[in-house]
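Participant: Here's a structure for you.
The values are calculated or read from the model by the stated rules, or taken from the named source; none is laboratory data. The structure displayed is predicted, hence computed values, not measured ones. A quick note on method: Cβ atoms are made from the backbone with ideal geometry, for glycine too, and the neighbour counts reach across all protein chains shown. Accessible surface areas use protein heavy atoms only, side chains included; no ligands, DNA or RNA. Shrake-Rupley method; radii C 1.70, N 1.55, O 1.52, S 1.80 Å.
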Amino acid sequence: MTTKADFTEEEWKAVLEAPPSAGMIVIASDRGGSIRESFSMAKAYTEARKEHGESELLDELVTAKPEMDHTRFHSPEELKEASLKHIRDAVELLKAKATPEELEEYRKFIVGLANRVAEARKEGFMGLSGDRVSDDEETAIGEISGALG
């Protein structure tokens with residue numbers, strides 16, 4: 001079992017930054033609704049806390065305060081590229097220090113969080129096309145999945 005103790009402070013910060021970074025990529029991809037989408041990120045953490053026990057690493061991740069990169073980005077593209085780098089860096093750390101199962105759980109958590117954020121603005125109704133997630137959000141989730149490997 002991998003735990004926070006297996007990481008340096010800087011490495012752990014990188015592991016903590018990736019999930020909110022994924023949420024920010026989705027929020028920035030489709031303008032509007034960022035308050036509801038931000039709450040959906042918090043809800044994803046809350047729900048993951050309820051399902052604890054499968055992975056000590058994920059348990060520690062979801063009980064820690066989510067880390068955000070507080071850099072002031074000059075464009076949504078700059079935010080996206082920096083956030084994708086956070087995700088790739090975290091995955092590389094986990095490949096080196098965590099079990100394959102823990103890495104897979106981490107990936108699932110991030111993709112689940114990204115999907116929850118994408119669906120948040122549209123909760124309660126379907127768009128004209130019947131989709132709850134916009135094309136831009138789908139593209140963002142695809143890029144997040146790509147960064148996760």
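Participant: Can you find a residue that is of a type in the set (Phe, Trp, Tyr) and open to solvent by 60 Å² or more (accessible area, probe 1.4 Å) anywhere in the range 5-24?
Facilitator: Step one: of the range 5-24, the residues of a type in the set (Phe, Trp, Tyr) are 7, 12.
Right, trim to open to solvent by 60 Å² or more (accessible area, probe 1.4 Å) and you get none.
Scanning the range 5-24 turns up no residue that is of a type in the set (Phe, Trp, Tyr) and open to solvent by 60 Å² or more (accessible area, probe 1.4 Å).
Participant: Does any residue of the range 64-81 turn out to be farther than 18 Å from residue 136 by Cα, in a helix (DSSP H, G or I) and of a type outside the set (D, E, K, R)? Lay out the reasoning, then the answer.
Facilitator: At the first step, the residues of the range 64-81 found to be farther than 18 Å from residue 136 by Cα are 64-74.
Filter once more, so that each one left must be in a helix (DSSP H, G or I): none.
Checking the range 64-81: not a single residue is farther than 18 Å from residue 136 by Cα, in a helix (DSSP H, G or I) and of a type outside the set (D, E, K, R).
Participant: For the list (1) free of Cβ contacts under 8 Å to residues at least 40 places away in the same chain; (2) in a helix (DSSP H, G or I); (3) open to solvent by 80 Å² or more (accessible area, probe 1.4 Å), I need the number of the one condition that residue 39 fails.
Facilitator: (1)
Participant: Checking residue 38 against (1) within 14 Å of the chain's Cα centre (by Cα); (2) farther than 22 Å from residue 146 by Cα; (3) at pLDDT 90 or above, which test does it fail?
Facilitator: (3)
Participant: Test each condition in (1) free of Cβ contacts under 8 Å to residues at least 40 places away in the same chain; (2) within 11 Å of the chain's Cα centre (by Cα) for residue 66 and report the one that comes out false.
Facilitator: Unmet for residue 66, out of (1) free of Cβ contacts under 8 Å to residues at least 40 places away in the same chain; (2) within 11 Å of the chain's Cα centre (by Cα): (1).
Participant: Then there is this: Got a number for residues in the range 45-63 being outside any helix (DSSP H, G or I) and either modelled with pLDDT under 75 or among the charged types (D, E, K, R) (or both)?
Facilitator: First pass over the range 45-63, keeping only residues outside any helix (DSSP H, G or I): 51-55.
Those still in the list that are either modelled with pLDDT under 75 or among the charged types (D, E, K, R) (or both) too: 51-54.
Counting residues in the range 45-63 that are outside any helix (DSSP H, G or I) and either modelled with pLDDT under 75 or among the charged types (D, E, K, R) (or both) gives 4.
Participant: Still on this structure, please answer the following. Would you check if residue 107 is more than 11 Å from the chain's Cα centre (by Cα) and either at pLDDT 85 or above or open to solvent by 30 Å² or more (accessible area, probe 1.4 Å) (or both)? Steps first, please.
Facilitator: Values: more than 11 Å from the chain's Cα centre (by Cα): no; either at pLDDT 85 or above or open to solvent by 30 Å² or more (accessible area, probe 1.4 Å) (or both): yes.
Against the criterion (more than 11 Å from the chain's Cα centre (by Cα) and either at pLDDT 85 or above or open to solvent by 30 Å² or more (accessible area, probe 1.4 Å) (or both)), residue 107 does not qualify.
Participant: Kindly check whether there is at least one residue in the range 78-97 that is at pLDDT below 85, open to solvent by less than 70 Å² (accessible area, probe 1.4 Å) and in contact with a Ser or Thr (Cβ under 9 Å, 6 or more places away or on another chain). Give the steps one after another, and end with the answer.
Facilitator: Restricting attention to the range 78-97, the residues satisfying the condition of being at pLDDT below 85 are none.
Taking every residue of the range 78-97 in turn, none turns out to be at pLDDT below 85, open to solvent by less than 70 Å² (accessible area, probe 1.4 Å) and in contact with a Ser or Thr (Cβ under 9 Å, 6 or more places away or on another chain).
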